[in-house]
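In what follows, a structure is listed as structure tokens, so that the remarks can point back to it.
The values are calculated or read from the model by the stated rules, or taken from the named source; none is laboratory data. The shown structure was predicted, so the numbers you read here are calculated from the model rather than taken from an experiment. Positions of Cβ are generated from backbone atoms using ideal geometry, with glycine treated the same way; all protein chains shown enter the neighbour counts. Keep in mind that these areas ignore ligands, DNA and RNA; they rest on the heavy atoms of the full protein, side chains included. Shrake-Rupley method; radii C 1.70, N 1.55, O 1.52, S 1.80 Å.
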Amino acid sequence: MTLRPSAAGTGIVFRRIDLPGKPEIAARYDRVADTTLCTQIAEGEVRVGTVEHLMAAFSALGVDNVVVELDGPEVPVMDGSAQPFVFLIECAQLLEQTMARTYIRVLKPVEVEHGNKAVRLMPAERFGVSVEIDFDSQAIARQTCGVLVDAGAFRRELAKARTFGFADQVEQLRALGLIRGGSLDNAVVVQGDKVLNEGGLRYEDEFVRHKALDAIGDLALAGAPILGHYVGVRAGHALNNALLLALFEDAEAWTATHVEDRVIGARAPLPVGRLAAAPY
């Protein structure tokens with residue numbers, strides 16, 4: 001994978017240099033083709049999978065325009081987190097461009113439910129995420145996390161949180177052509193009630209922090225930074241994409257706006273509110 005600078009207004013574009021004509025796919029919510037265990041975007045038959053961790057890094061660091069060149073169908077998993085992408089982007093340094101940044105301002109609550117899972121976007125002056133997860137495994141159980149997202153908070157609180165799964169999912173992922181180099185070096189693997197990784201967890205609540213990271217990456221497919229508060233309860237890639245579709249289908253729920261970029265202070269936890277319409 002190579003990240004190439006691009007002109008203002010380009011947006012985030014994935015380019016498959018291994019295919020004839022080097023076809024491109026815009027990183028947009030309406031290009032999402034599959035959400036099975038990762039977020040995959042497509043343009044016709046051309047696909048790129050596992051875009052969410054890289055998109056989260058772009059979103060948190062304020063990267064608006066870049067061409068991502070790939071010589072295969074999946075973004076490299078690296079160590080299963082967004083930290084390697086953050087490190088490499090910051091090493092390369094960012095260039096401020098002259099075009100004013102467009103934001104998506106949420107004007108009213110938008111909610112999507114599926115069984116006991118729910119996601120919501122609410123109006124807010126800053127982009128924040130609140131996430132709740134609940135697994136039968138005692139290694140995970142119920143965890144909550146709330147973060148106002150800026151580069152510093154993302155770097156400290158979320159970037160190092162690795163993707164996770166259960167040992168019996170590994171073969172399913174490989175059958176889908178994903179995690180081709182997957183191992184305990186790039187994911188937290190749970191078997192029963194135990195974490196199999198020799199080094200243990202990077203955060204005590206690494207599981208929910210990674211879900212927050214995923215949500216940031218999925219919402220980055222809005223095509224512009226969001227001014228709103230995301231709440232996810234037992235949610236995943238499919239509901240996150242459904243939430244963006246619902247947002248943009250309702251012309252009264254959002255508007256495009258330009259605001260001055262403001263620096264957000266240190267991490268500020270957000271309460272994880274239970275969604276009133278979600279069954280518990």
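A compact table of results
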quantity	calculated
Cα convex hull of the range 1-120, projected area averaged across orientations, nm²	9.1 nm²
Positive minus negative residues near residue 16 (Lys, Arg vs Asp, Glu; Cβ under 15 Å)	-2
Average accessible area per residue (Å²) across the range 84-164 - probe 1.4 Å, nucleic acids and ligands excluded	50 Å²
Per residue Cα convex hull volume in Å³ - calculated over the chain	131 Å³
Extension gain (nm, one decimal) between residue 36 and residue 17, 0.36 nm per residue minus Cα-Cα	4.4 nm
Karplus-derived HN-Hα couplings along the range 35-47 (A = 6.51, B = -1.76, C = 1.60, θ = phi - 60°), whole Hz, x at Gly and Pro	10, 7, 6, 6, 9, 10, 10, 8, 9, x, 8, 8, 9
Accessible-area composition of the chain, carbon plus sulfur, in percent [1.4 Å probe]	50 percent
Modelled FRET efficiency - R0 25 Å, residue 169 with residue 114, Cβ distances, 0.05 increments	0.80
J(HN,Hα) series, the range 242-256, from Karplus relation 6.51 cos²θ - 1.76 cosθ + 1.60, nearest Hz, glycine and proline x	4, 5, 5, 4, 5, 4, 7, 6, 10, 5, 8, 8, 8, 8, 8
Solvent-accessible area of residue 203 with every protein chain in place, 1.4 Å probe, in Å² to the nearest 10	30 Å²
Candidate lysines for bridging to residue 108, where Cα separation is under 16 Å - those fewer than 8 sequence places away on the same chain excluded	none
